[in-house]
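Notes for the one structure printed next.
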Amino acid sequence: SRIPVVTLDGPGGVGKGTLGRLLAQDMGWHLLDSGAIYRALALAAERAGIQRDDEAGLVRLALDLPLSFRGDGEQTRVLLDHELVDEAIRTPQISALTSQIAAIPEVRTALLQRQRDFIQDPGLVADGRDMGTVVFPKATLKVFLTASAEERGKRRLNQLMEQGISANLASVVAEIAERDARDQQRSVAPLRPAADAHILDTSAQTVVETYRVLQAWVQTAL
Ligand code: C5P
């Protein structure tokens, strides 16, 4: 029996995290927030003083990263060496460093197995940039989410404010645009829909509306 996997890929602030959490909760499935793994690596590298051009050092760190996830209903908590780092990994500085480190092919390879280990009964929802193209090419259902940069900036700003991180819309939109460009242009695992992905434009839709569409696709795919 094959374990079902639903992949949600797309640019920053598009709502992958929210939709992924809803779906995983409803289905009683595991959730992989792959961005959190890349972010935790960036934070650990910064703390250890490992430079972004030290590929060997980054790969060593990636292979031994003392990272764990603790699910507590609404939110998944990210622990780095037993320390809660949910907020620390989402600052604009770490976001930018993350996408630089994530462009290094060897780093991505080092994190591949850790991500695939999340395939466990009774199912998995995986969100990121290359879930459908690289990490889970045989996924049951692949979804690629899109929304205008303006809309994504607003959503990300709201998220940051909820976490007590202050920022302004223009800088958040600029940060996301810069990160998207880097994620789209990198040579390995660039941000793009898999050939067999369903495209879901969420710009003009509420979370509830988008979620209904996603749910219907999941039911059809199972
Ligand atoms: O999804 P999130 O915004 O947390 O991802 C942070 C960064 O991690 C992305 O901008 C991207 O550079 C990198 N990432 C990636 N591949 C993934 C998930 C995230 O390269 N599957």
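Where a number appears in this text, it was derived from the coordinates with a stated rule and is not lab data. Remember, predicted model here, so these are calculated numbers, not experimental data. Neighbour counts run over all protein chains shown; Cβ positions are idealised from the backbone, glycine included.
Each part gets one Cα centre, and for region 1-32 versus region 43-74 those centres are 23 Å apart. Considering only G15, A102, I37, the residue lying farthest towards the positive end of the dipole of region 2-109 is G15, judged by Cα position with unit charges set on Cβ.
Using a 7 Å offset from Cα along Cα-Cβ at Q185, what residues in region 8-23 end up with backbone N under 19 Å from the label point? Once the point is set 7 Å along Cα→Cβ of Q185, 11-12 turn out to lie under 19 Å by backbone N, inside region 8-23.
Starting from the Cα of E87, step 7 Å toward the Cβ, then list every residue of region 148-173 with an amide N under 19 Å from that point. In region 148-173, the label zone of E87 (backbone N under 19 Å from the point 7 Å along Cα→Cβ) covers 156-168.
Our note on the geometry: Cα centres of region 98-149 and region 187-222, 14 Å apart. The ranking of K138, K16 from fewest to most other beta carbons within 10 Å of each one's beta carbon is K138, K16. Based on DSSP H segments of at least four residues, each scored -39500 (n - 2.57), the chain has a per-residue ellipticity at 222 nm of -15000 deg cm²/dmol.
The residue list I50, L111, G153 was ranked by how far each Cα lies along the charge dipole of the chain toward its positive end, using unit charges on Cβ atoms, and L111 comes out on top. Around the Cα centre of region 111-214, unit charges on the Cβ atoms of Lys, Arg, Asp and Glu (plus for the first two, minus for the last two) sum to a dipole of about 200 debye.
In straight-distance terms, cross-link reach from K142 covers every one of the aspartates and glutamates whose alpha-carbon lies under 13 Å from its own, apart from those fewer than eight places away in the same chain; here that gives D9, D127, D130, D196.
Plainly put, the chain has a radius of gyration that is 0.93 times its Kirkwood radius, both from alpha-carbon atoms, as the Rg/Rh ratio. Placing +1 on each Lys and Arg Cβ and -1 on each Asp and Glu Cβ, with no other charges, gives the chain a dipole about its Cα centre of roughly 340 debye.
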